[in-house]
1. Yes or no: region 165-174 includes at least one residue that is within 13 Å of residue 125 (Cβ to Cβ) and in contact with a His (Cβ under 7 Å, 6 or more places away or on another chain).
2. Residues that are among the hydrophobic types (A, V, I, L, M, F, W, C) and surrounded by fewer than 18 Cβ atoms within 10 Å (Cβ to Cβ), at least 2 per element: which helices (runs of 4 or more DSSP H) completely within region 92-170 meet that?
3. What tally of residues in region 385-404 results from selecting those that are among the hydrophobic types (A, V, I, L, M, F, W, C), over 21 Å from the mean Cα position of the chain (by Cα) and more than 13 Å from residue 440 (Cβ to Cβ)?
4. Looking only at region 13-72, filter to residues that are more than 22 Å from the chain's Cα centre (by Cα) and polar (S, T, N, Q); which one of those is surrounded by the fewest Cβ atoms within 10 Å (Cβ to Cβ)?
5. Yes or no: residue 392 closer than 15 Å to residue 428 by Cα, assigned by TED's automatic domain parsing to the domain that holds residue 249 and either surrounded by fewer than 18 Cβ atoms within 10 Å (Cβ to Cβ) or not small (Gly, Ala, Ser) (or both)?
6. Would it be correct to say that residue 78 is over 30 Å from residue 375 (Cβ atoms), without any contact (Cβ under 8 Å) to a residue 60 or more places away in the chain and in a helix (DSSP H, G or I)?
7. Just to be sure I understand the filter: pairs with C-beta atoms under 6 Å, separated by 6 or more residues or on different chains, first member in region 12-30 and not assigned by TED's automatic domain parsing to the domain that holds residue 198, second member surrounded by 12 or more Cβ atoms within 10 Å (Cβ to Cβ) and in a loop (DSSP other than H, G, I, E, B). Which pairs pass?
8. For residue 233, state whether it is more than 17 Å from residue 350 (Cα to Cα) and polar (S, T, N, Q).
Amino acid sequence: MNAPAELTPQESAALAHVKTAEKAAAQIPVAAGVKPRDIGRAAVIGAGTMGGGIAMALVAAGIPVTLIDANDEGLQRGLARIRDNYNQSIKRGKLDESTRDARLALITCSTAIVDVNDADIVIEAVFEDLGLKQGIFRELDQHAKAGAILATNTSGLDINEIAAVMKRPQDVVGAHFFSPAHVMRLLEVVRADKTSDDAVVTLMELGRRMSKVSVYSLVYPGFIGNALFRNYNREAHFLVEDGALPHEVDAALKDFGYAMGIFAVHDMAGNDVGYQTRKAQMATRPNDRRWNDLIMKLVEMGRLGQKSSKGWYRYEVGDRTPHRDPEIEQYIVEESARMGITRRRVSQEEIIKRCMYGMINEGAKLLEQGIALRASDIDVVYVTGYGFPAKRGGPMYYADQVGLADVYQDIKRLYEEYGYWWKPAPLLEKLAASNGRFADL
């Protein structure tokens, strides 16, 4: 077995930065002396993969949970998934049977939303549909007890629009868990316009009790994590249209330090994730910019990823190893021609710059608008929730190491070449001109 590679001084410094950043993330702007509300019991609405994972995270912290779903079939399916997760942990030697049984005993199932009435916190974890979530929160207004925290696990919807249907918007807060919620360490705590200080403090503290790293954000499309991820994802797909192939993009990202490349991740998660939402958005989206729709076409071809044995790669039965697929590579080449794009060789350097610098530019916008409190918070989100290599310190730390003047010049060049998506953030331009760093903000 090969010994792990020794860290360079730069990598050691980046890892130290991540540890310091995790501690700094706990410092948030609330009035002095604000105390968290007591959380003795929780309710989770939605027994799907995410809701079940959230319930597991809560009971692991010793908090009893009422798990609520629309019908008994959904509940039983969710409970079976939770039990299977525990059994898998037992097989791996990570859990014993008595602990499994004790945690399962803390979960009560119900199909009646009125059963949230004894919960100190209610976490909604249903589909990403604003109307559906608003309907649930109207019911919570009627049935949740006074002073209960009412949290939504939305990954990017406007929480102000959810809070707007409530008579108690001060209790509404975003609790964006990452899947699988009982494993992933990140929790984005999202403050809406009317969220009270003690509601925010309570959720930050609950994250700590669940052994999570809680990072504060204001309302913004995608909050911190998904706002940056959109840029990473978009550029990876544009690179494939411009001349790279999926395995080349993934190889560059793995060389940079990611455990998996983005196209292998898509295949693992399922290329159909978010398909219906994107399909609906296509009818009304602006036509003054470039969009990446290749993944939509893969879904329509039945290339859903590992679960259909083909996606951006092909897969052998019973094997999750991605293999190059001449069929999809030929299709990509033909699609580029159809779009009028002359394919060209794309270097690893270009792949990394376009995937990283798009995120960095978006991060600068979040800092300028106060969505994220500090650059290191963005780094924590990316290292703990999105697989960004810890030895690189996070996207904003990485930008400081490259030098913001150099990053800005490349983004300016990309804006001149590609337009809309690359418009430089004013904060980045300002810091570049003054030889500043994100770390000094």
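The values are calculated or read from the model by the stated rules, or taken from the named source; none is laboratory data. Please read all numbers here as calculations on a predicted model, not as lab measurements. Here the Cβ is made from the backbone with ideal geometry for all residues, glycine too, and neighbour counts use every protein chain on show.
1. Taking region 165-174 as the starting set, the residues that turn out to be within 13 Å of residue 125 (Cβ to Cβ) are 174.
Next, only the ones that are in contact with a His (Cβ under 7 Å, 6 or more places away or on another chain) stay: none.
No - not one qualifying residue is present in region 165-174.
2. On the way: elements: 97-105, 130-143, 159-163.
The qualifying helices (runs of 4 or more DSSP H) are 97-105, 130-143.
3. If we filter region 385-404 for residues that are among the hydrophobic types (A, V, I, L, M, F, W, C), which is where we start, we get 388, 390, 396, 399, 402, 404.
With over 21 Å from the mean Cα position of the chain (by Cα) added as a condition, the list becomes 402, 404.
Filter once more, keeping what is more than 13 Å from residue 440 (Cβ to Cβ): 402.
Going through region 385-404 one residue at a time, the tally reaches 1.
4. 71
5. It is false that residue 392 is closer than 15 Å to residue 428 by Cα, assigned by TED's automatic domain parsing to the domain that holds residue 249 and either surrounded by fewer than 18 Cβ atoms within 10 Å (Cβ to Cβ) or not small (Gly, Ala, Ser) (or both).
6. Details: over 30 Å from residue 375 (Cβ atoms): yes; without any contact (Cβ under 8 Å) to a residue 60 or more places away in the chain: yes; in a helix (DSSP H, G or I): yes.
Against the criterion (over 30 Å from residue 375 (Cβ atoms), without any contact (Cβ under 8 Å) to a residue 60 or more places away in the chain and in a helix (DSSP H, G or I)), residue 78 qualifies.
7. From region 12-30, the pairs are 14/393; 17/393.
8. Numbers: more than 17 Å from residue 350 (Cα to Cα): no; polar (S, T, N, Q): yes.
No.
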